[in-house]
Amino acid sequence: MKTKAFIYFDEFGNSHLDTGSKKGTFSHFIYTAFVIDGNDLEKTKEIRDELSKKYRQGSPLKSSKVNIENRLAIISKIKEVPYGIFSLVIDKRKIENKNLEDKTVFYKFFQRLFLTQFVEKYESFEIYFDKLGGAEFQNSLRNYISNRVFSPTLFNPDRKYVIADDKLEEPLIQLADLFSGSVGKIYCTSHKDINADKIFDAINDRLFVDFFPNSASQYLGKYNKELDISDKKVAELCLDIVQKQLQQNNISIEESELLKHLLLTFKTDPYRLAETNDLVDIIKRVHPKATVEYIREIISTLRYRGVIIVSIEGKYGYKIPNKKNDLIGYYNRYLKSIIPMLKKMRIANDTIRKEHFDIDIFNEHENLHLIQKFINVLEFDKIE
């Protein structure tokens, strides 16, 4: 018989969708689940009690009250028991469904989306959410989950959904709060922490992240695809180039922050693009007037230094290459610009020479004769 899973949930951020209305508004809403096996329940409770006494003088382990040194120490201690951290990172700026502006609808929708994955994975479980809102809201949410997500059945009778106080009724929710806050400090770009890299490294081996919208629903499994040897070499080389650039003395703070975010995105999922708007938010912390155009200027400068940053045609964002096709697409995008420009210059020059055969701009001006050479290659090889 399989042991029971104990799943503790908490959130980071809020449900307000008007993210641009005032300073300090959360760009993302994050659900995080701290999951342990029933066999490890008592040991986990003992660890929580020990951590509470050591770092909070017996008070609740609240993420917002824990500094970076204590956070990393607490995470290290909790690793004495097996556990998983599962997060759904919701980009509120991309939500277009007006119905989700209602707080109750928002919570019901995303709890259903998130909880369904666990219902499919575990036969026996207890799910605990921290108390939120008043009694009416809690009852509405509890009834919704029971009707739309799961309820005990003849074949799966041992399933429970509980809304509990994290101080008196279910203290292990405090660990979900700690990890949800940690994930928020990494992925909520409006509130990204200066120590996001350290936090990510501390939890990455237990962390499973999915994103909404445009998500592939990988909640319960690390994103993993088979790469051939040459693809792995491309990934290793491009990562090495970025790491070396970060060590250069002449790198600006804006360039450094951008590259660090690209690295974080790569570590989370090497196939994922770092959203352009996220990059703007991050750079605004060190350059308040940063714009999308400013991000493009930074990337252009880095590319001139040999850092390979690619974008995918038809998509909005940037990434560090992790396979040969990324490089092929990168070169092809430039090629698609170069060839039409050469053709337009050839047409312009041919038109001028028909009217004034004694004028040949390509051969009369320094460097422009190179354009004629490029056109000759273009026509000889019949490149389209």
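The values are calculated or read from the model by the stated rules, or taken from the named source; none is laboratory data. These figures come from a predicted structure and were not determined experimentally. Reconstructed Cβ throughout: ideal geometry from the backbone, glycine too, with neighbour counts over all protein chains shown. Remember, those area values only see protein heavy atoms, side chains included, never the ligands or the DNA or RNA. Shrake-Rupley method; radii C 1.70, N 1.55, O 1.52, S 1.80 Å.
Assorted remarks:
- Degrees separating the helix 173-187 axis from the principal Cα axis of the chain, which is the longest one: 10
- Computed lengthening from Ser300 to Asn97, 0.36 nm per intervening residue step minus Cα-Cα distance: 69.5 nm
- Per-q log10 I(q)/I(0), region 271-384, q = 0.10, 0.11, 0.14 Å⁻¹ (Debye; single scatterer per alpha-carbon; no solvent): -0.49, -0.57, -0.77
- Taking a Cβ cut-off of under 11 Å around Ile186, the surrounding Lys, Arg, Asp and Glu residues balance to a net charge of +1, with basic ones at +1 and acidic ones at -1.
- If the segment from Val162 to Asp37 were pulled out straight at 0.36 nm per residue, it would be longer than the present Cα-Cα gap by 43.3 nm.
- Converting phi to 3J(HN,Hα) with the Karplus coefficients 6.51, -1.76 and 1.60 and the offset θ = phi - 60°, region 272-282 yields 8, 8, 6, 4, 4, 5, 5, 4, 4, 4, 5 Hz in sequence order, with x at every glycine or proline.
- Share, in percent, of DSSP beta bridges within the chain that are antiparallel, nearest 5: 50
- Average accessible surface for the chain: 54 Å² per residue, computed with a 1.4 Å probe over protein heavy atoms with every protein chain in place.
- Simple spin-label estimate for Gln138 and Val286 in nanometres, 7 Å along Cα-Cβ: 4.5
- Between Asn250 and Arg112, the simple spin-label model (points 7 angstrom out along Cα→Cβ) gives 5.7 nm.
- In plain terms, the chain from Lys233 to Ser21 could stretch by 71.8 nm, reckoned as 0.36 nm per residue minus the Cα-Cα distance.
- Isotropically averaged projected area of the chain, using the convex hull of Cα atoms (one quarter of hull area), nm²: 26.5
- In Hz, Karplus ³J(HN,Hα) per residue of region 234-250 (6.51, -1.76, 1.60; θ = phi - 60°; x = Gly, Pro): 4, 4, 4, 5, 5, 5, 4, 4, 5, 4, 5, 5, 5, 8, 6, 6, 8
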